[in-house]
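The values are calculated or read from the model by the stated rules, or taken from the named source; none is laboratory data. On a predicted model such as this, the values are computed, not experimentally measured, just so you know. Cβ placement follows ideal geometry from the backbone for every residue including glycine, while neighbour counts extend to all protein chains displayed. Just so you know, the surface numbers come from the protein's heavy atoms only, side chains and all, with ligands and any DNA or RNA stripped out. Shrake-Rupley method; radii C 1.70, N 1.55, O 1.52, S 1.80 Å.
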Amino acid sequence: MSWSTREIAELAGTSLRAVRHYHEVGLLAEPERRANGYKQYGVPHLVRLLRVKRLVDLGFSLNQIAETVDEGEHPGQALRTLDAELAATIERLQRARLELAALIDLRAPADLPTELTPGEATVLSETDRSLLLVMTRLMNGEQLQAYGSLVRNLPAHPINREFDELPADAGEHIRQDLMERMVPYLRRLRQDHPNLPDLYTDAPRGEKFVRETMETVLRELYNPAQLDVLHRTHVIVDESTQPRRAERYRTSLTAPVSGSMPSPSTAAPVSDTQE
C-alpha cells in the first residue's frame, strides 16, 4: 500500500507544507512517482515522518532533528540541551507574564519597561516616548530604576507644551524667553532628584557609544531651536552646580546636542508632562 502526499500528511498529523519542507531540507527522502506523476509514499516514509513530527512536537529545531533522528542510541545529550532551552524559554515567558500583569494593573504604555511607567499626572508625547525607549538600551539597571522614579514623579508644568510646540525657526527673543522660564523648572527637578546618576557614567556600552547614539537620536527628535534652548538652559543651570561641566558644554563643538543632554535626567523630562 502507498499514500499520496496529502494522505501521508493527514496520517502523520502534519501538513502538506510541512512534508514538502522536510523534503527541501533533506529530512524526508523524495518517494518514487506513479505513472501519472503523483508521489507514492511507503511505510518507511511514514515511519520517518512520524519520527520527525514527534521531535518537532517536543521542540527540536529542524537542524537538531537532522543530527538526532538517525541516531541508533538514546539521544540523551540532545534531550538535555533541549530541556535547558525550554527551561530558559519558560523563565522568559514567566517574566513576560509578570510584566504584562504590571502593565495591565498600572495601565502603563506597553512599549516602555515597567520601571519607566509614568505617574498618573504624566503624559508622554511621542517624542518623549521615543527618547525614553532609546535610553532603555543605554542604561544599566540602577540608572533605569533612578530614571523611573523621576518619570513617575514629574511635576506638570505648562512650559512643557511650549517647548514641544517650539518651531524650528523660532526667533531669538522667543528662545531666550522660553529658556529663562525653563531654568527654574529644571533646577527644581535637580533639587527633587539630587542623586540621579549620569547616563554616561558606568554606561554598559561605554561613554563614547552612548554619546554618539544620543547625539544622533536628539538631532532626529528635536529641531534646532529646541536643541538650542535645551543647551542654553543646561549651561545656566550647571553654572551654579557643576561649572566645569557647564564650561564643557559651552565650548563643545557638539554643544547643541551634548549640551542639551548632559544626562537624560535633565533633558528628557523637559517635555515629559503636559497639561
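When Arg211, Arg190, Arg205 are checked against the criterion of being among the basic types (Lys, Arg), out of contact with any Phe, Trp or Tyr (no Cβ under 7 Å at 6 or more places or on another chain) and under 19 Å from Asp238 (Cα atoms), Arg190 stands alone in meeting it.
Restricted to the stretch 149-184, and to residues there that are touching a Pro at 6+ places or on another chain (Cβ under 8 Å) and in a helix (DSSP H, G or I), the residue that is farthest from Leu112 (Cα to Cα) is Leu150.
Going through (1) out of contact with any helix residue (DSSP H, G or I) (no Cβ under 8 Å at 6 or more places or on another chain); (2) modelled with pLDDT under 85; (3) among the hydroxyl-bearing types (Ser, Thr, Tyr) one by one, Thr89 falls short only on (2).
When residues in the stretch 198-220 are screened for being modelled with pLDDT of 85 or more, open to solvent by 60 Å² or more (accessible area, probe 1.4 Å) and polar (S, T, N, Q), 1 of them pass. Note on the stretch 93-132: residues that are in a loop (DSSP other than H, G, I, E, B), on the phi < 0 side of the Ramachandran plot and not hydroxyl-bearing (Ser, Thr, Tyr) amount to 12. Taking every residue in the stretch 88-99 that is more than 13 Å from Gly59 (Cβ to Cβ) and pairing it with any residue that is open to solvent by less than 100 Å² (accessible area, probe 1.4 Å) and assigned to a helix (DSSP H, G or I), at least 6 positions away or on another chain, the pairs with Cβ-Cβ distances below 7 Å are Glu99/Thr114.
Scanning the stretch 151-187 for residues that are open to solvent by less than 40 Å² (accessible area, probe 1.4 Å), out of contact with any Leu (no Cβ under 6 Å at 6 or more places or on another chain) and under 22 Å from Asp238 (Cα atoms) gives Leu154, Pro155, Ile159, Asn160, Phe163, Leu178, Met179, Met182, Val183, Tyr185, Leu186. Taking every residue in the stretch 130-145 that is modelled with pLDDT of 85 or more and open to solvent by 40 Å² or more (accessible area, probe 1.4 Å) and pairing it with any residue that is of a type in the set (A, V, I, L, M, F, W, C) and not in a helix (DSSP H, G or I), at least 6 positions away or on another chain, the pairs with Cβ-Cβ distances below 7 Å are Leu133/Leu112.
Going by the conditions given, is Gln77 over 24 Å from Ser4 (Cβ atoms), without any contact (Cβ under 8 Å) to a residue 60 or more places away in the chain and open to solvent by less than 50 Å² (accessible area, probe 1.4 Å)? In short, no.
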